[in-house]
Amino acid sequence: MHLEELIRITDKPLIVVDSAGVVTHINDRFTAAFGWRAEDLTGGGLNRIIPEKMRQAHQIAFSTYVETGNTNILDTPLNLAILHADGTIGDAEHVIFAGMIDGEPHLAATVDPL
């Protein structure tokens, strides 16, 4: 499935970032689940929703993927913590997808609260 199609049809909370880790899109379900509004996140770094203790590991994994294109986590459910807009941390099932949007590489994740 193309990322544009996933953005249009998913009924799950969704966040999309470019290859620099800049948030390019969240949907209304993401806002409802985690409290973040599009204007809070769009144009900023993904680290905003990653709990402090996980940021370094995430940055290493993200950078490695961007540089090499290699990862074993795409299309696989991952139970990870997420930082809510109110500062609380909760668990969520993340499924990460890679693809192109407007000719540029992006990553999208559905993020279901657990």
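The values are calculated or read from the model by the stated rules, or taken from the named source; none is laboratory data. Predicted model only: the values in this text are computed from it and were never measured. All Cβ positions, glycine included, derive from the backbone under ideal geometry; neighbour counts span all protein chains shown.
Brief remarks on what is shown
- Where Asn72 falls short, out of the listed (1) out of contact with any Gly (no Cβ under 8 Å at 6 or more places or on another chain); (2) under 17 Å from Val16 (Cα atoms): (2)
- Residues within the stretch 29-48 that are in contact (Cβ under 8 Å) with a residue 40 or more places away in the chain, in contact with a strand residue (DSSP E or B) (Cβ under 8 Å, 6 or more places away or on another chain) and within 22 Å of Gln59 (Cα to Cα), tallied: 3
- Of all residue pairs spaced 6 or more apart or on separate chains, none has beta-carbon atoms under 7 Å together with a first member in the stretch 1-13 that is farther than 22 Å from Arg37 by Cβ and acidic (Asp, Glu) and a second member that is in a loop (DSSP other than H, G, I, E, B) and at pLDDT 95 or above.
- When restricted to residues that are surrounded by fewer than 19 Cβ atoms within 10 Å (Cβ to Cβ) and more than 25 Å from Glu67 (Cβ to Cβ), the stretch 12-32 contains 5.
- Hits in the stretch 39-54 - residues which are surrounded by fewer than 15 Cβ atoms within 10 Å (Cβ to Cβ), under 13 Å from the mean Cα position of the chain (by Cα) and assigned to a helix (DSSP H, G or I): Arg48
- Options Thr64, Thr76, Thr71, Thr110; residue that is in a loop (DSSP other than H, G, I, E, B) and surrounded by 11 or more Cβ atoms within 10 Å (Cβ to Cβ): Thr71
- In the set (1) at pLDDT 95 or above; (2) surrounded by fewer than 18 Cβ atoms within 10 Å (Cβ to Cβ); (3) of a type in the set (Gly, Ala, Ser), Gly103 fails one condition alone, (1).
- Output for the stretch 8-37, where each listed residue is under 12 Å from the mean Cα position of the chain (by Cα) and not in a loop (DSSP other than H, G, I, E, B): Leu14, Ile15, Val16, Val17, Asp18, Val22, Val23, Thr24, His25, Ile26, Phe30
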